[in-house]
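Worksheet for the structure shown next.
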Amino acid sequence: MLEDALTPSTVRALMDAIDPHESENEASLRQRESGRFFIERADEITFTSQLTARSPFLHDFCSGEIFRDLAHDLLGPNVQLYVDQSVYKKPGTEALFPWHQDNGYAFIEPQSYLTCWIALTDTDEENGCPWVVPGIHRLGTLDHRRTELGWVCAENPGGAVSIPLRAGSIAVFSSLTPHATGPNRSRQVRKSYIVQFAPIGAEVLQRNQSGEIVRECVDLRS
């Protein structure tokens, strides 16, 4: 964990860049009859992605020194931005975001890429801070099942550790680390920004209409 890695002014600038896009996403969810789109639920939790493509500031932030150093130290010299998204959990959200590995959502090889979970607001067990299970990443990608709340690889796993974060701190873990976030029982939106990096040449494995596994090497650099 990198405590207080970002200055208050940088955190404020991140929220200024993200908030308008998140508001648009929230409004779009409210227009849906169900008020939801897979893991997103209006007035509960939003996932607003591809923000670097919409904001020069966020593009420069994600290619900055702090992430270059992290990615190069932990993945090697040839890395690229894989995914960036904000995750805003609204007050009164009782449902947890279930236990999963990031590689359980889209199976990538090499399986282990890097997740940087940036707290834009102070987060603790009351408002939905991350929980992780150390050591399980050594087992590779676990079996996941799809639920209304998202993909699930475990229920109430033993050894889980909460990661409270002050605004501007960053939790760094493998895409193979099982993690979850709890309810937001506070009166404020819990805001986070997730930035992920993968080796250049990483492949996405998925099944085609015939059920065959196909590999797609996508240039994910922005």
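The values are calculated or read from the model by the stated rules, or taken from the named source; none is laboratory data. Since we're looking at a predicted model, the values are computed, not measured. With ideal geometry, Cβ positions are generated from the backbone for all residues, glycine too; neighbour counts draw on all protein chains shown. For accessibility, only protein heavy atoms count, side chains too; no ligands or nucleic acids. Shrake-Rupley method; radii C 1.70, N 1.55, O 1.52, S 1.80 Å.
How many residues does region 30-48 contain that are at pLDDT 95 or above, within 19 Å of the chain's Cα centre (by Cα) and not in a loop (DSSP other than H, G, I, E, B)? The number of residues fulfilling the criteria is 6. For residue 196, the stated conditions do not hold, so it cannot be described as in contact (Cβ under 8 Å) with a residue 60 or more places away in the chain, open to solvent by 20 Å² or more (accessible area, probe 1.4 Å) and part of a strand (DSSP E or B). If the condition is being open to solvent by 50 Å² or more (accessible area, probe 1.4 Å) and modelled with pLDDT of 95 or more, then region 120-160 contributes 122, 124, 125, 126, 131. Counted as qualifying within region 76-189 are the strands (runs of 3 or more DSSP E) with 2 or more residues that are of a type in the set (A, V, I, L, M, F, W, C), under 18 Å from residue 49 (Cα atoms) and touching a residue at least 24 places away in the same chain (Cβ under 8 Å), namely 79-89, 114-119.
Considering 34, 23, 9, 28, which residue is loosely packed, with under 15 Cβ neighbours inside 10 Å, of a type in the set (Ser, Thr, Tyr), out of contact with any Pro (no Cβ under 9 Å at 6 or more places or on another chain) and under 23 Å from residue 165 (Cα atoms)?
On inspection, the qualifying residue turns out to be 9.
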